[in-house]
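Take a look at the structure set out below.
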Amino acid sequence: MATKHSRASARIMISPAVILLLGWMLIPLSMTLYFSFLRYNLLMPGMEEFTGLTNYKYFLTDPAFFAALTNTILLVCGVLLVTVIGGVFLALLLDQPFFGQGIVRILVIAPFFVMPTVSALVWKNMFMNPVNGLFAHLFKFFGLEPFDFLAQAPLASIIGIVSWQWLPFATLILLTAFQSLDQEQLEASEMDGAPWIKRFWFIMLPHLSRAITVVILIQTIFLLSVFAEILVTTNGGPGTASTNLTYLIYMQSLLQFDVGGGSAGGVVAIILANIVAIFLMRMIGKNLDA
Amino acid sequence: MGRITLDKVSKAFGDVEVIPPLDLTIEDGEFVVFVGPSGCGKSTLLRLIAGLEDVSGGEIRINGQDATQTPPAKRGLAMVFQSYALYPHMSVRKNIAFPMRMAGMPKDEQDRRIEAAAKALNLTDYLDRRPGQLSGGQRQRVAIGRAIVREPDAFLFDEPLSNLDAALRVGMRLEISELHKRLTTTMVYVTHDQVEAMTMADKIVVLQAGRIEQVGSPMELYRSPRNVFVAGFIGSPKMNLLTGPEADKHSATTIGIRPEHIAISSDAGAWKGTVGVSEHLGSDTFFHVTVEGFHDPLTVRASGEVALYYGDTIYLTPDLAHLHRFDAQGLRIA
Ligand SMILES: Nc1ncnc2c1ncn2[C@@H]1O[C@H](COP(=O)(O)OP(=O)(O)O)[C@@H](O)[C@H]1O
Ligand SMILES: [Mg+2]
C-alpha cells in the first residue's frame, strides 16, 4: 500500500534507526577527520594545535607507508587467491557423495568459528614454532633444518593463517552454488561430448562466477582490516615485513601515541578502501546482476 | 542410420527394480513414443539408452554394435531435456555451437550448421541473445537446434513440451513431427500425455511400472488394446470399463466401450441412465451418464449440439462391434 500517507509514516517510523546509524558512522568519521588535522600526541596532553596537512605529509612519506600498502595488497590478494581456488576445489570434493559427509562438512566449516587471535596463536605456537611446532618436527623427521616461518616468511605465514580462517567461508558459499547447478545441464554437456575438465571450465565455473564474486567482495572488506593475526604473531615485523595499513595505524596512534598521525592514516585507509570498493564493483559487480 | 535394440535391459536403483528385463527394437527412422503414467520408468529407460545411467543387466545395441559400455558422447545420440538444459551464460549461438566445439569441428562448418539450424527453427534473430531472454518455446527450439547440429543417429526427447502452455504445445508438437518427416532420423520421445503419443508416434510403447504393456501403431493400440491398462490409458476421453453382471453377459471379467461407440437415444436403448455434467467442445459434446447398477458414470460422445440437459433421462446402446472384452488377468479376449 504505497499511498502518500503510508509512505510518510514509513519514513517517520524508520527515521530513528536511520539517524542512529548515521550518527554511528558520522561522529567517529568526523572526529577522525578532525584529529587528523591536529598535532595531537598523548604524551603531551593539552598541547593540541591545528597543523594542517602535516600529519598527512608525514604519514604518506613514511617509508613504512608504502611497505604497509604493498603488504596490504599482497595479503588481500594472496588470501583471495588461496581461498577462491581452495574453496572451489574443496566444494567440488564436498559435493560428491561419500561416507561421513555430514561430519566432514562440519569439520571443514569449523575454523570459521575459531576467533582470529586464538587461531593465530594456535598456528604460531603449535605449528610454526621453530622448536616445538609440528612443522619443525615434520622437517626434522625428514632430516631438514626447521624453518622459522614467522621470522623468515612472515607475510606468507600470515597469508596462510588468514586463508585457513577464510577457506571455510569460501567453501560454504561455493558449495551451495555447486548444489544449485542444474544436473541436466551437466548431463547435456556430457552428451555434447565435453569431458570432465571442459564441463568444469565451460559449465561449472561460469555457474560459480556469481558466488565467487560474493566471496571476493565480502572477503576483501574483512581482509583489508586484518589485525589480530598480525598482533599476536609477528607484531608487524621483522621490520615492516608484515605490517599492513591497519597495523601501521595502530602503531602510529597507540605505540607512538601520535593520535593525529594515526587519524591521518585512518583517513588515507578509508579513501583507499573506497577506491578498492569502486574498482571491485566496476570490475566484477556486473556478475551480480541477474 | 539409427537402429536401437534393447536386449533384456534392466535397471535397479539399489534394491528397487525400476525396469525389469525388457526387449525392444527401435527401427531406423522411426518415431517411437514411450508413454505411461508418471514414475513408470520412461525417463529411466531413455537415460539408459542415452548412457546417462548404467544398465543393471542386458545389452543395448546401436546400429548392431554393442553400446552398453559406450560413454554417452560416443553413442551418436542427441538428447533434448525436459528443462531444456541450455547453458545460461552462453548466447544462443554458443549454445548451439557447443557440441560441435567439443568435437573440434572447423569454424566455418560450425557456422554453416548454426545458420541452417537457426533458419529451420526460426531462431536467426535470436542468435546473440542469452537463453534467459527467450520465451519457453524459443528455448525449446534452441535445445532442439543444439541437438540437430550434431547430426545424430537418433534424437531422444524427454517430455520436451511439458513446460509449455497448451497452445504452444500443439504448435511445437507439429514442429517436431515436421522435423522428423524432414530429417527422417530416428526419434525416441517420452511423454505421459497419451494425446502427444497418439498424434506423433509411428510406434507407441506403453509402459507401466517399468514393464512394456504393448507396442504398436497408434491405431493398433486404439483398436485392439492388449489389456485393460492400455485400454484405459489410450484414447481421450478414457474408454468406459465395466465389470460385474454387464461384463458377465459378454462372458468377460471386464468389458470396455469407448465414448464414441455408444449410441444415444431419448426413448429406447440397452441402458437407461441420467445425464450428469456435459462438456461442450463445439464439434463434440461429452456427457457423463449415471446408469443404474453401474459403478462409475459412463462417458458418451455425441457429435455437435444435442439438446440434453442435466437430469434428463437418456438411453444408451453400445456398438457391439467395438466392444472390448478382457479376462480375469486383464488380458484381451480376441
Ligand atoms: N536416481 C534414482 N535413484 C533412485 N530411484 C530413482 C532414480 N531415478 C528414478 N528413480 C525411480 O525410478 C522410477 C521411475 O522414474 P522415472 O524414470 O523418472 O519415471 P517417469 O519418467 O516415467 O516419470 C521412479 O519410481 C523413481 O522414483
Ligand atoms: Mg520423467
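The values are calculated or read from the model by the stated rules, or taken from the named source; none is laboratory data. The shown structure was predicted, so the numbers you read here are calculated from the model rather than taken from an experiment. Positions of Cβ are backbone-derived with ideal geometry, glycine not excepted, and every protein chain shown enters the neighbour counts. Keep in mind that these areas ignore ligands, DNA and RNA; they rest on the heavy atoms of the full protein, side chains included. Shrake-Rupley method; radii C 1.70, N 1.55, O 1.52, S 1.80 Å.
Quick notes on this structure:
- Meets criteria (crowded, with 16+ Cβ neighbours inside 10 Å, away from every other protein chain (no Cβ under 11 Å), of a type in the set (Val, Ile, Thr) and part of a helix (DSSP H, G or I)) for A:Ile212: yes
- Enumeration of residues in region A:235-254 that are assigned to a helix (DSSP H, G or I), closer than 19 Å to A:Ile158 by Cβ and among the aliphatic types (A, V, I, L, M): A:Leu245, A:Leu248, A:Ile249, A:Met251
- Residue count for region B:106-122, restricted to those that are in a loop (DSSP other than H, G, I, E, B) and modelled with pLDDT of 90 or more: 1
- Considering region B:14-50, and only residues there that are open to solvent by 10 Å² or more (accessible area, probe 1.4 Å) and within 14 Å of chain A (Cβ to nearest Cβ), the residue that is farthest from ligand 2 (Cβ to nearest atom) turns out to be B:Gly14.
- Inside region B:131-176, residues that are touching a residue at least 24 places away in the same chain (Cβ under 8 Å), polar (S, T, N, Q) and open to solvent by 30 Å² or more (accessible area, probe 1.4 Å) make up a count of 2.
- Take the conditions (1) within 15 Å of ligand 1 (Cβ to nearest atom); (2) modelled with pLDDT under 90; B:Glu196 misses just one of them, which is (2).
- Subset tally (residues that are part of a helix (DSSP H, G or I), open to solvent by 20 Å² or more (accessible area, probe 1.4 Å) and either touching a residue at least 40 places away in the same chain (Cβ under 8 Å) or within 14 Å of chain B (Cβ to nearest Cβ) (or both)) for region A:173-184: 4
- Residue match in region B:123-136 (condition: within 22 Å of B:Lys42 (Cβ to Cβ) and away from ligand 2 (no atom under 16 Å from the Cβ)): yes
- Out of A:Ile249, A:Ile203, A:Ile158, sole residue that is surrounded by 19 or more Cβ atoms within 10 Å (Cβ to Cβ), within 18 Å of the chain's Cα centre (by Cα) and modelled with pLDDT of 90 or more: A:Ile158
Yes/no per residue for (1) open to solvent by less than 20 Å² (accessible area, probe 1.4 Å); (2) closer than 21 Å to B:Met172 by Cβ; (3) more than 10 Å from every other protein chain (Cβ to nearest Cβ); (4) in a loop (DSSP other than H, G, I, E, B):
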| position | (1), (2), (3), (4) |
| --- | --- |
| B:Ala78 | yes, yes, no, no |
| B:Gln82 | no, yes, no, yes |
| B:Ala85 | yes, yes, no, yes |
| B:His89 | no, no, no, yes |
| B:Asn95 | yes, yes, no, no |
| B:Arg101 | no, no, no, no |
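- Residue in region B:54-65 that is open to solvent by 30 Å² or more (accessible area, probe 1.4 Å), assigned to a loop (DSSP other than H, G, I, E, B) and within 14 Å of chain A (Cβ to nearest Cβ) present: yes
- Among the residues of region B:277-297, those that are farther than 17 Å from B:Ser236 by Cα and surrounded by 15 or more Cβ atoms within 10 Å (Cβ to Cβ) comprise B:Val291, B:Phe294.
- For B:Gly276: the one exception among (1) part of a strand (DSSP E or B); (2) touching a residue at least 40 places away in the same chain (Cβ under 8 Å): (2)
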